[in-house]
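Notes to accompany the following structure.
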Protein chains: 2
Amino acid sequence: MALTIADIGKAVLDTEYAVRGPIVARAQELEKSGMEIIYCNIGNPQALAQKPITWNRQLLALCAYPDLAKEAASVFPSDAIAAAKAFISGSKHGIGAYSESKGLKFVRDAVAAFIKNRDGIESDPDSIYLTDGASKGVQAALRMLIAGTNDGIMVPVPQYPLYSATITMFEGRLVGYYLDEEHGWAMSRDLLEDSIETAKKAGIKTKAIVVINPGNPTGSVLAASNIKMVIEFAKDHGLSILADEVYQDNIYKEGASFMSFAKAMAELGEKSVSLFSFHSTSKGFLGECGQRGGYVETRNLPSDVSAQMLKMQSVSLCSNLPGQLATYGMVCPPPAGGPSLPLYRQEKNAILEELKIKAKLLADGLNSIPGFRSNEVAGAMYAFPRFELPKGRTDNEYCMALLEKKGICTVPGSGFGQLPGTAHFRTTILPPRASLEKVVKDVAVFHAEYS
Amino acid sequence: MALTIADIGKAVLDTEYAVRGPIVARAQELEKSGMEIIYCNIGNPQALAQKPITWNRQLLALCAYPDLAKEAASVFPSDAIAAAKAFISGSKHGIGAYSESKGLKFVRDAVAAFIKNRDGIESDPDSIYLTDGASKGVQAALRMLIAGTNDGIMVPVPQYPLYSATITMFEGRLVGYYLDEEHGWAMSRDLLEDSIETAKKAGIKTKAIVVINPGNPTGSVLAASNIKMVIEFAKDHGLSILADEVYQDNIYKEGASFMSFAKAMAELGEKSVSLFSFHSTSKGFLGECGQRGGYVETRNLPSDVSAQMLKMQSVSLCSNLPGQLATYGMVCPPPAGGPSLPLYRQEKNAILEELKIKAKLLADGLNSIPGFRSNEVAGAMYAFPRFELPKGRTDNEYCMALLEKKGICTVPGSGFGQLPGTAHFRTTILPPRASLEKVVKDVAVFHAEYS
């Protein structure tokens, strides 16, 4: 009589999300039974001892309880009080009321100014939607793009499984394109053409291409020329672009820098390719995963399509206001000359410097293990090393055994996609240095013994 | 080349959500041009001058910036500091890290205790999922239930359009059942049987029934006998129940009281009907719409179905942590004997008393207008009066004209569903008393003149 598994649709049953799959569930069991677990499976900085940025937390405390500006004024720097007052006044009703479906206009104005300042190009606040983390923005864009079961979305291999899960859930077709592991996980026009051609032969109508830059799980940072190549490719094939740029502040490689798709499109003078760009408060140096702040900026969308996007956002009313405030704090750091700036800079630099050291520590450490090879972790928060797998074993078995033996929780490469015949896992660079050193040592011992 | 409206799927195009539809958009335009608007369209208490509950805001401030417990200890009551410390410790990493996909175990334990205390029955924290407002919980349940384009969901007429929008988006079939306006919007077994029979003849496989109690938009409070009738009906037809109970604290009618579906099922000894019950921090006396806190409790779900539900939650990682904290504050009010309790009680009672006065003021006022008839607003936050419409006019035209002439923003009855040939609008009871009195006066003048 009760709901049974036979009542559940194929789209739901087929959806997979490896980052929180059976290995993580097993890790939690082992932890409960007393084993010490190092969670390398997910980019969750504050669960791995990263401290929040004081500026953001002061804004949240002041907006949550505005009396603090009077009753505890001495605790807060004057610029934090001023910023919180600006938020309360700009939002009209503070953090307790629903905002417009797109998010507070005041915050969208601030995001547009941030993009302008970052890229030197105009941004339209009415084309920005504040979302519960970037995930919800991605899902909104895919919901718009997948109109039928033959609609395909190009997704990198390896990819972040939010994409595969959401495409499955919306009953679209995943069109994988390979990243070039031998060349630092770069994109290649040949590989893109191969992919779309294969999809076409299979009767798939490809609608869009997803690019994750800096790369998850790859840790790569795309060159400007690579980004422009993708834009030309999208233009030639009439595709929209989903640019997942949530790691834009996480660049570690000397000489590398972040270029947004919006800026690259402006440099090319490209105005016909529809673009959805995503950003988040969860990554970078804020690491505010729990506050679920983020936005999607759209470009080159006809107004009737934008109206549909707005309508879909309105069904869930609005994204959470503390997350909107976190986004505000991200795009409006302390003002120059104000009392909060020195601490902010110190906290930001310390986090990014530490991540840079750990990115090198982890990649070098993995490369020192016979049978392992990792590209440089140029950006983002992950290494995705390739390793030799004994015949007859799967990467799932390998990662489960690594967890059982050593308490190291990683995500198997098959959860992200990989070249047939190769094996990888994803590990974050986030654990404290001593833990990461232990991870490297334990993986080396485990790998030598695994058969 | 850019994405065009022809690329957008029928499910998206067909989705409608009247609460934030064209009339609200027009209201915002008029407001920008200087007209004073009374927003009666949405249950957004803090946008209509309701103050937040101090207890909840103190918890959020303390969890956002834990140093306050030391640096501003004198500002906070000791029980608020203790509760915030319990949250930080129970959550392990505070509000900045992703939680488990279901939400913090610590908070789910507290929700289970709240349900046990409310209903006198056991509740399993592992069957509770913390969600971004109740809306996301409803969408999760409907995602599970709608497996194909012939799957039907029974929804009251009138209903809250989250249901119709989500059913359309997931390409299911809406099976409307009428509420009995002549009898205080009660449910009737005959009307339910009519509805499911009609659906069956149309080839629809009905999977579940949605009940909103207290009612949105109707303002009704269902009798226990009515609730038990629905459970028997669901059992006889093998349906799951979605119990939208977000207004459970909003009861104004003398002698009326809230009974949860969970409790009614326990009293019936019913263990075969699958139940999804929803609650939210947005309504009640908290009115924390912006914080997007809420939960769904499931009962009588087989474990393989629960596993699917958990997997779907994991794709978006977790609900926002400030919202989880708001939920914690809702289910854990200040402890007896603590310094926070007197103020909490005073704030809570003042809000609920004021809502009760306004519920009566609005219903009585509307009933004093010739051509209008409203049921008593027994609960929730809305009146849904029936009014005479001049021949050839639609309720959409009527509400748009009411906005243009008087600055009163309501939602036409057709956005919720109504008996053919009848006309209604939904108005909240939330505006301050003086504004509500103005609403009644202006509607009377407008209605007399409208042709």
Scan of region A:116-125 for residues that are surrounded by fewer than 18 Cβ atoms within 10 Å (Cβ to Cβ) and under 14 Å from A:Asn300 (Cβ atoms), ordered by number: A:Ile121, A:Glu122, A:Asp124
Selected residue (criterion: farthest from the chain's Cα centre (by Cα)) from residues of region A:175-197 that are in a strand (DSSP E or B), farther than 17 Å from A:Gly238 by Cα and not aromatic (Phe, Trp, Tyr): A:Asp180
Region B:264-316, subset basic (Lys, Arg) and out of contact with any Gly (no Cβ under 7 Å at 6 or more places or on another chain), residue nearest to the other protein chains (Cβ to nearest Cβ): B:Lys311
Residues (at pLDDT 95 or above and among the aromatic types (Phe, Trp, Tyr)) located in region B:268-310: B:Phe276, B:Phe278, B:Tyr295
Candidates B:Thr131, B:Thr168 - the one that is in contact with a helix residue (DSSP H, G or I) (Cβ under 6 Å, 6 or more places away or on another chain), within 10 Å of chain A (Cβ to nearest Cβ) and not charged (D, E, K, R): B:Thr168
Checking A:Ile37 against (1) in contact with a helix residue (DSSP H, G or I) (Cβ under 6 Å, 6 or more places away or on another chain); (2) crowded, with 22+ Cβ neighbours inside 10 Å, the condition it does not meet: (2)
Qualifying positions in region A:14-41 - within 30 Å of B:Leu145 (Cβ to Cβ) and either of a type outside the set (A, V, I, L, M, F, W, C) or within 7 Å of another protein chain (Cβ to nearest Cβ) (or both): A:Asp14, A:Thr15, A:Glu16, A:Tyr17, A:Arg20, A:Gly21, A:Pro22, A:Arg26, A:Gln28, A:Glu29
Test: residue in region A:353-370 that is farther than 29 Å from A:Glu31 by Cα, over 20 Å from the mean Cα position of the chain (by Cα) and of a type in the set (A, V, I, L, M, F, W, C): no
Tally, over region A:324-351, of residues that are open to solvent by 30 Å² or more (accessible area, probe 1.4 Å) and in contact with a Phe, Trp or Tyr (Cβ under 7 Å, 6 or more places away or on another chain): 2
Pick from region A:226-256, criterion within 14 Å of chain B (Cβ to nearest Cβ) and in contact with a Phe, Trp or Tyr (Cβ under 9 Å, 6 or more places away or on another chain), ranking: nearest to A:Asn213 (Cα to Cα): A:Val246
Which numbered condition A:Gly203 misses (of (1) surrounded by 22 or more Cβ atoms within 10 Å (Cβ to Cβ); (2) away from every other protein chain (no Cβ under 14 Å); (3) small (Gly, Ala, Ser)): (1)
Members of region A:419-439 that are over 19 Å from A:Gly379 (Cα atoms) and among the aliphatic types (A, V, I, L, M): A:Leu419, A:Ala423, A:Ala434, A:Val439
Those residues of region B:370-396 which are part of a strand (DSSP E or B) and either modelled with pLDDT under 95 or not small (Gly, Ala, Ser) (or both), in sequence order: B:Phe372, B:Arg373, B:Tyr382, B:Arg386, B:Phe387
Selection within region B:397-431 - in a helix (DSSP H, G or I) and open to solvent by less than 10 Å² (accessible area, probe 1.4 Å): B:Tyr398, B:Cys399, B:Leu402, B:Leu403, B:Gly413
Long-range neighbours under 6 Å by Cβ, at least six apart or interchain, first residue within 8 Å of chain A (Cβ to nearest Cβ) and under 18 Å from B:Pro322 (Cβ atoms) within region B:66-87, second in a helix (DSSP H, G or I) and not hydroxyl-bearing (Ser, Thr, Tyr): B:Leu68/B:Leu62
Exclusive hit being among the acidic types (Asp, Glu), in contact with a strand residue (DSSP E or B) (Cβ under 8 Å, 6 or more places away or on another chain) and surrounded by fewer than 24 Cβ atoms within 10 Å (Cβ to Cβ), set B:Asp194, B:Asp190: B:Asp194
Residue in region A:342-363 that is under 30 Å from A:His93 (Cα atoms) and assigned to a helix (DSSP H, G or I) present: yes
Checking B:Gln313 against (1) open to solvent by less than 30 Å² (accessible area, probe 1.4 Å); (2) touching a residue at least 12 places away in the same chain (Cβ under 8 Å); (3) touching a Ser or Thr at 6+ places or on another chain (Cβ under 9 Å), the condition it does not meet: (1)
Matching residues, region A:83-97, being farther than 17 Å from A:Met330 by Cβ and open to solvent by 20 Å² or more (accessible area, probe 1.4 Å): A:Lys85, A:Ile88, A:Ser89, A:Lys92, A:His93
Long-range neighbours under 9 Å by Cβ, at least six apart or interchain, first residue in contact (Cβ under 8 Å) with a residue 24 or more places away in the chain and open to solvent by less than 40 Å² (accessible area, probe 1.4 Å) within region B:367-379, second assigned to a strand (DSSP E or B) and not β-branched (Val, Ile, Thr): B:Ile369/B:Phe387; B:Gly371/B:Phe387; B:Phe372/B:Arg386; B:Phe372/B:Phe387; B:Val377/B:Ala383
Residue in region B:21-41 that is modelled with pLDDT of 90 or more, closer than 17 Å to B:Ser135 by Cβ and touching a strand residue (DSSP E or B) at 6+ places or on another chain (Cβ under 6 Å) present: yes
Residues within region A:352-364 that are open to solvent by 10 Å² or more (accessible area, probe 1.4 Å), touching a residue at least 12 places away in the same chain (Cβ under 8 Å) and not basic (Lys, Arg), tallied: 4
From A:Ala147, A:Ala113, A:Ala134, A:Ala141, residue being farther than 24 Å from B:Asp132 by Cα, in a helix (DSSP H, G or I) and either of a type outside the set (D, E, K, R) or open to solvent by 10 Å² or more (accessible area, probe 1.4 Å) (or both): A:Ala113
Hits in region B:42-77 - residues which are modelled with pLDDT under 95 and in contact with a Ser or Thr (Cβ under 6 Å, 6 or more places away or on another chain): B:Gly43
Residue selected from region A:64-82 under the condition outside any helix (DSSP H, G or I) and within 14 Å of B:Ala80 (Cβ to Cβ), by the criterion least open to solvent (accessible area, probe 1.4 Å): A:Ala72
Count of residues meeting criterion [out of contact with any Asp or Glu (no Cβ under 7 Å at 6 or more places or on another chain) and not in a loop (DSSP other than H, G, I, E, B)] in region B:25-63: 22
Qualifying residues in region A:150-165 (those that are surrounded by fewer than 24 Cβ atoms within 10 Å (Cβ to Cβ) and in contact with a Lys or Arg (Cβ under 6 Å, 6 or more places away or on another chain)) - the one farthest from the other protein chains (Cβ to nearest Cβ): A:Asn150
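The values are calculated or read from the model by the stated rules, or taken from the named source; none is laboratory data. On a predicted model such as this, the values are computed, not experimentally measured, just so you know. A quick note on method: Cβ atoms are made from the backbone with ideal geometry, for glycine too, and the neighbour counts reach across all protein chains shown. Heads up: the accessible areas ignore ligands, DNA and RNA and are worked out on the full protein's heavy atoms, side chains in. Shrake-Rupley method; radii C 1.70, N 1.55, O 1.52, S 1.80 Å.
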